[in-house]
Amino acid sequence: MGTLSYFANMSADGYTVDTEGKFDWTDPTDEVLAFINEIEADVAVYVHGRRMYETMVYWETYEPGPDPEPHTSRYAEIWQGVEKVVASSSLPEEAITSARTRLVRDLQLGELRRIADCAPGVVSVGGPTVAAEPIRAGLVDEFRFFVYPEVLGGGLSALPPDARLSLRLVDTRTFASGCVYLRYVPR
């Protein structure tokens, strides 16, 4: 049985993107990316909404340049080797350009739980919109947050405003850049 994990990069005030939809402030350092590779190595399935998929599909065709960054190349390998589910009612079928990817028009909570139960590892839900309903329903088994030392003052919240969670901190890591990794599980 797999673990349903919600992964989010967020600002210190809890937003995943700013008011203009930008997230360039989350560009990870080599140290952060090396750690992301460590924790993503156990991912069996990525579940993304439209916007997250459109951002992440970059890794499908990533080609290292003449001086490849080992952590970047490793992340591309992880992405390419994992099953992907895109939950979107509006993404055209032809926009699915990555291998090992299926489009689900209306991802129900039962289907998401089935995906997690059948996965040989972690099912990583990325994107606060697609994660909102599973969070509200108490289906998320763990929360992996990378908190960046930025205050945005608004944008898209990492957590749904009407969710009430009681969490237990089980892992932390602080990086030289000021980014902090926090891993929580429900109490």
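For the stretch 155-185, which residues satisfy the criterion of being more than 19 Å from T26 (Cβ to Cβ), more than 18 Å from the chain's Cα centre (by Cα) and in a strand (DSSP E or B)?
Within the stretch 155-185, L167, R168, L169, V170 meet the criteria.
Take the stretch 8-31 and flag every residue that is closer than 25 Å to V140 by Cα and touching a Phe, Trp or Tyr at 6+ places or on another chain (Cβ under 8 Å).
A8, N9, M10, S11, A12, T16, V17, D18, T26, P28
Output the number of the condition that R50 fails; it satisfies all remaining conditions of (1) surrounded by fewer than 17 Cβ atoms within 10 Å (Cβ to Cβ); (2) modelled with pLDDT under 95.
(1)
Would you check if L152 is within 23 Å of L33 (Cα to Cα) and either part of a strand (DSSP E or B) or under 19 Å from the mean Cα position of the chain (by Cα) (or both)?
Values: within 23 Å of L33 (Cα to Cα): yes; either part of a strand (DSSP E or B) or under 19 Å from the mean Cα position of the chain (by Cα) (or both): no.
No; evaluated as a whole, the condition is false for this residue.
Among the candidates R102, R173, which residue alone is loosely packed, with under 12 Cβ neighbours inside 10 Å, on the phi < 0 side of the Ramachandran plot, at pLDDT 95 or above and in contact with a strand residue (DSSP E or B) (Cβ under 7 Å, 6 or more places away or on another chain)?
On the way: R173 fails: loosely packed, with under 12 Cβ neighbours inside 10 Å.
Going through R102, R173 in turn, just one is loosely packed, with under 12 Cβ neighbours inside 10 Å, on the phi < 0 side of the Ramachandran plot, at pLDDT 95 or above and in contact with a strand residue (DSSP E or B) (Cβ under 7 Å, 6 or more places away or on another chain): R102.
Residue by residue, here is whether (1) under 20 Å from Y148 (Cβ atoms); (2) crowded, with 19+ Cβ neighbours inside 10 Å holds:
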site	(1), (2)
E31	yes, no
A41	no, no
E54	no, no
E77	no, no
K84	no, yes
P92	no, no
T97	no, no
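Among the numbered criteria (1) of a type outside the set (K, R); (2) surrounded by 17 or more Cβ atoms within 10 Å (Cβ to Cβ); (3) farther than 26 Å from V32 by Cβ, which single criterion is violated by D162?
Among (1) of a type outside the set (K, R); (2) surrounded by 17 or more Cβ atoms within 10 Å (Cβ to Cβ); (3) farther than 26 Å from V32 by Cβ, the lone unmet condition for D162 is (2).
Condition first: of a type in the set (D, E, K, R) and in contact with a strand residue (DSSP E or B) (Cβ under 9 Å, 6 or more places away or on another chain). Now tell me which residues in the stretch 28-50 satisfy that.
E40, D42, R50, listed by residue number.
Going by the structure shown, is V125 of a type in the set (A, V, I, L, M), more than 19 Å from Y46 (Cβ to Cβ) and either in a strand (DSSP E or B) or modelled with pLDDT of 95 or more (or both)? If you could, list the steps in order and put the result at the bottom.
Details: of a type in the set (A, V, I, L, M): yes; more than 19 Å from Y46 (Cβ to Cβ): no; either in a strand (DSSP E or B) or modelled with pLDDT of 95 or more (or both): yes.
Criteria not met by V125.
Among the strands (runs of 3 or more DSSP E) lying completely within the stretch 1-105, list those that include at least 2 residues that are touching a residue at least 40 places away in the same chain (Cβ under 8 Å) and within 20 Å of S124 (Cβ to Cβ). Explain how you work it out, then say what you get.
On the way: elements: 3-11, 15-17, 43-49, 83-87, 101-104.
Answer list for the stretch 1-105: 3-11, 15-17, 43-49, 83-87.
Give the stretch 106-147 a look and list any residue that's hydrophobic (A, V, I, L, M, F, W, C) and without any contact (Cβ under 8 Å) to a residue 60 or more places away in the chain, or say none. Walk me through it before giving the result.
Our first condition is that a residue be hydrophobic (A, V, I, L, M, F, W, C); within the stretch 106-147, this holds for 107, 109, 112, 115-116, 118-119, 122-123, 125, 130-132, 135, 137, 139-140, 143, 145-147.
Hits for the stretch 106-147 are L109, A132, A137.
The values are calculated or read from the model by the stated rules, or taken from the named source; none is laboratory data. Since this is a predicted model, take the numbers as computed values, not measurements. So basically every Cβ, Gly included, is an ideal-geometry build from the backbone, and we count neighbours across all protein chains shown.
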